[in-house]
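Okay, so here's the structure we're looking at.
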Amino acid sequence: MMGVWLLWKSSGSFGGTGHGGIDIDLEYCWAVAGVGGFGYELAVRLFRSCPVVRRVREFWYMEVSSCTEWKINSAMVSFNPNCYVEVGKEGVDAKVKALSMYRGVMRPYPHPRSAEFIEGLAAYRGGQWGLMYAEAFEVVVREY
């Protein structure tokens, strides 16, 4: 599974009542958002019919510890990063601090949501690009 953040402020429809707007089943959205390219397809479908929202020009999947690396079988789509953003030690510390603000999210090592794992993953991703620390993303759409 890949982590995808799609944000809606509505409780069931976007852009109206469904008559000219787009009806969205939010439970369905979260179910498909993390599978393969469905997150992107969902975003495009959601926004293409709404004239007040700009067309999706970039779509990035983010790596989510304890989610991205887990899949039921090897036939499922894997996270394949193709974009790395340097974050530095300060960025890693800020991420750990932010995640620690949520009750029950952080766990003791060797869990993937431990401070040690998050720092190690950032060091690993940074090392792939000659950096000290980086966050990895999979860019599935980038229009210029």
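Numerical summary
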read-out: Linear extension gain, Asp93 paired with Glu119, 0.36 nm per residue minus alpha-carbon span; value: 8.6 nm
read-out: Arg107-Glu41 FRET efficiency (beta carbon distance; Förster radius 30 Å; 0.05 resolution); value: 0.40
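No lab work stands behind these numbers, since they all come straight from the coordinates. This is a predicted model, so every value here is computed, not measured. Positions of Cβ are backbone-derived with ideal geometry, glycine not excepted, and every protein chain shown enters the neighbour counts.
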